[in-house]
(Lines give C-alpha, C1' and ligand atoms only; values in the text may rest on other atoms or scores of the structure.)
Protein backbone atom coordinates (compact mmCIF):
# COMPACT_ATOMS: atom_id res chain seq x y z
CA UNK A 1 0.00 0.00 0.00
CA UNK A 2 1.23 3.48 -0.92
CA UNK A 3 1.55 5.97 1.86
CA UNK A 4 1.28 9.73 1.37
CA UNK A 5 2.85 12.16 3.75
CA UNK A 6 0.98 15.35 4.60
CA UNK A 7 2.85 17.55 2.12
CA UNK A 8 2.16 15.22 -0.79
CA UNK A 9 -1.51 15.00 0.14
CA UNK A 10 -1.86 18.80 0.37
CA UNK A 11 -0.11 19.28 -3.00
CA UNK A 12 -2.30 16.65 -4.68
CA UNK A 13 -5.51 18.16 -3.29
CA UNK A 14 -4.43 21.69 -4.27
CA UNK A 15 -3.66 20.60 -7.84
CA UNK A 16 -7.00 18.79 -8.12
CA UNK A 17 -8.85 21.87 -6.86
CA UNK A 18 -6.93 24.15 -9.27
CA UNK A 19 -7.81 21.90 -12.23
CA UNK A 20 -11.49 21.99 -11.28
CA UNK A 21 -11.47 25.81 -11.00
CA UNK A 22 -9.62 26.28 -14.32
CA UNK A 23 -12.00 23.85 -16.05
CA UNK A 24 -15.02 25.75 -14.72
CA UNK A 25 -13.59 29.08 -15.92
CA UNK A 26 -12.83 27.73 -19.40
CA UNK A 27 -16.32 26.24 -19.69
CA UNK A 28 -17.97 29.67 -19.30
CA UNK A 29 -19.47 31.03 -22.55
CA UNK A 30 -17.72 34.02 -24.06
CA UNK A 31 -19.70 37.29 -24.01
CA UNK A 32 -19.80 39.25 -27.26
CA UNK A 33 -19.33 43.00 -27.33
CA UNK A 34 -22.49 43.75 -29.33
CA UNK A 35 -25.05 41.69 -31.18
CA UNK A 36 -24.46 41.69 -34.91
CA UNK A 37 -27.52 41.12 -37.09
CA UNK A 38 -25.54 40.89 -40.31
CA UNK A 39 -22.25 41.80 -41.85
CA UNK A 40 -23.05 43.76 -44.99
CA UNK A 41 -19.46 44.62 -45.87
CA UNK A 42 -19.21 47.81 -47.95
CA UNK A 43 -20.88 50.83 -49.53
CA UNK A 44 -19.38 53.44 -51.82
CA UNK A 45 -20.67 56.93 -52.49
CA UNK A 46 -20.33 60.67 -51.95
CA UNK A 47 -20.27 62.03 -48.39
CA UNK A 48 -23.41 64.16 -48.01
CA UNK A 49 -23.13 65.02 -44.31
CA UNK A 50 -20.74 64.12 -41.52
CA UNK A 51 -20.23 65.09 -37.90
CA UNK A 52 -17.44 67.24 -36.56
CA UNK A 53 -14.85 64.66 -35.61
CA UNK A 54 -15.48 60.94 -36.13
CA UNK A 55 -18.36 59.87 -33.89
CA UNK A 56 -21.92 60.51 -35.00
CA UNK A 57 -24.10 60.10 -38.07
CA UNK A 58 -22.56 60.12 -41.54
CA UNK A 59 -24.66 60.12 -44.72
CA UNK A 60 -22.94 58.64 -47.76
CA UNK A 61 -25.08 59.01 -50.89
CA UNK A 62 -28.44 57.61 -49.76
CA UNK A 63 -27.35 55.60 -46.69
CA UNK A 64 -26.76 56.65 -43.08
CA UNK A 65 -23.99 55.21 -40.94
CA UNK A 66 -23.28 55.55 -37.23
CA UNK A 67 -19.58 56.09 -36.49
CA UNK A 68 -18.33 55.05 -33.05
CA UNK A 69 -15.08 55.56 -31.17
CA UNK A 70 -13.47 52.57 -32.91
CA UNK A 71 -14.41 53.69 -36.46
CA UNK A 72 -11.30 54.26 -38.56
CA UNK A 73 -10.78 57.15 -40.98
CA UNK A 74 -8.42 56.19 -43.80
CA UNK A 75 -7.53 58.99 -46.22
CA UNK A 76 -5.23 57.70 -48.97
CA UNK A 77 -7.07 59.71 -51.66
CA UNK A 78 -7.70 63.01 -49.91
CA UNK A 79 -9.71 64.22 -46.93
CA UNK A 80 -13.06 62.73 -45.96
CA UNK A 81 -14.94 66.01 -46.31
CA UNK A 82 -18.47 66.57 -47.60
CA UNK A 83 -18.42 65.92 -51.34
CA UNK A 84 -15.58 63.39 -51.19
CA UNK A 85 -15.95 59.86 -52.54
CA UNK A 86 -15.77 57.28 -49.75
CA UNK A 87 -15.83 53.53 -49.24
CA UNK A 88 -17.62 52.52 -46.03
CA UNK A 89 -17.00 49.16 -44.37
CA UNK A 90 -19.88 48.46 -41.98
CA UNK A 91 -22.11 45.96 -40.23
CA UNK A 92 -25.71 46.12 -39.06
CA UNK A 93 -26.25 45.98 -35.30
CA UNK A 94 -29.76 46.25 -33.84
CA UNK A 95 -30.95 47.74 -37.14
CA UNK A 96 -28.23 50.43 -37.25
CA UNK A 97 -25.50 50.64 -39.92
CA UNK A 98 -22.38 50.80 -37.74
CA UNK A 99 -19.34 52.03 -39.66
CA UNK A 100 -16.12 50.10 -39.14
CA UNK A 101 -14.15 52.43 -41.42
CA UNK A 102 -14.43 55.26 -43.94
CA UNK A 103 -11.80 55.29 -46.70
CA UNK A 104 -11.35 58.05 -49.26
CA UNK A 105 -11.30 56.64 -52.79
CA UNK A 106 -10.71 58.04 -56.25
CA UNK A 107 -13.50 60.44 -57.30
CA UNK A 108 -14.05 58.46 -60.50
CA UNK A 109 -15.51 55.62 -58.40
CA UNK A 110 -18.42 57.90 -57.47
CA UNK A 111 -19.09 59.35 -60.93
CA UNK A 112 -22.35 57.55 -61.56
CA UNK A 113 -25.99 58.35 -61.01
CA UNK A 114 -27.91 57.08 -58.01
CA UNK A 115 -27.62 53.49 -59.28
CA UNK A 116 -25.03 51.89 -56.98
CA UNK A 117 -25.15 48.60 -58.88
CA UNK A 118 -22.79 50.21 -61.37
CA UNK A 119 -20.36 51.96 -59.05
CA UNK A 120 -17.08 52.64 -60.80
CA UNK A 121 -18.57 52.87 -64.28
CA UNK A 122 -18.15 56.13 -66.15
CA UNK A 123 -18.93 57.66 -69.51
CA UNK A 124 -16.32 58.37 -72.15
CA UNK A 125 -16.91 61.13 -74.69
CA UNK A 126 -14.96 61.60 -77.90
CA UNK A 127 -15.13 63.65 -81.09
CA UNK A 128 -15.52 61.90 -84.40
CA UNK A 129 -13.52 63.40 -87.21
CA UNK A 130 -14.79 62.32 -90.59
CA UNK A 131 -12.36 64.52 -92.47
CA UNK A 132 -12.60 64.96 -96.22
CA UNK A 133 -13.59 61.98 -98.26
CA UNK A 134 -11.72 61.40 -101.41
CA UNK A 135 -13.62 60.44 -104.51
CA UNK A 136 -12.59 57.04 -105.39
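The values are calculated or read from the model by the stated rules, or taken from the named source; none is laboratory data. None of the values given here were measured: they were computed from a predicted structure. All Cβ positions, even for glycine, are placed from backbone atoms using ideal geometry, and neighbour counts span all protein chains on display.
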Subject >> Cβ pairs under 7 Å, 6+ apart, first in segment 78-94 and on the phi > 0 side of the Ramachandran plot, second surrounded by 13 or more Cβ atoms within 10 Å (Cβ to Cβ) and in a strand (DSSP E or B) >> reply: 78/104; 83/46; 83/47
Original post:
For residue 67, are the conditions met, namely being assigned to a strand (DSSP E or B), in contact with a helix residue (DSSP H, G or I) (Cβ under 9 Å, 6 or more places away or on another chain) and at pLDDT 95 or above?
Top reply: no
Subject >> Matching residues in segment 45-62 - criterion: being surrounded by 15 or more Cβ atoms within 10 Å (Cβ to Cβ) and part of a strand (DSSP E or B) >> reply: 45, 46, 47, 58, 59, 60
Subject >> Check on residue 112, at pLDDT below 65 and either crowded, with 16+ Cβ neighbours inside 10 Å or in contact with a helix residue (DSSP H, G or I) (Cβ under 8 Å, 6 or more places away or on another chain) (or both) >> reply: yes
**OP:** Name the one entry in 126, 79, 101 that is in a loop (DSSP other than H, G, I, E, B) and at pLDDT 60 or above.
**Re:** 79
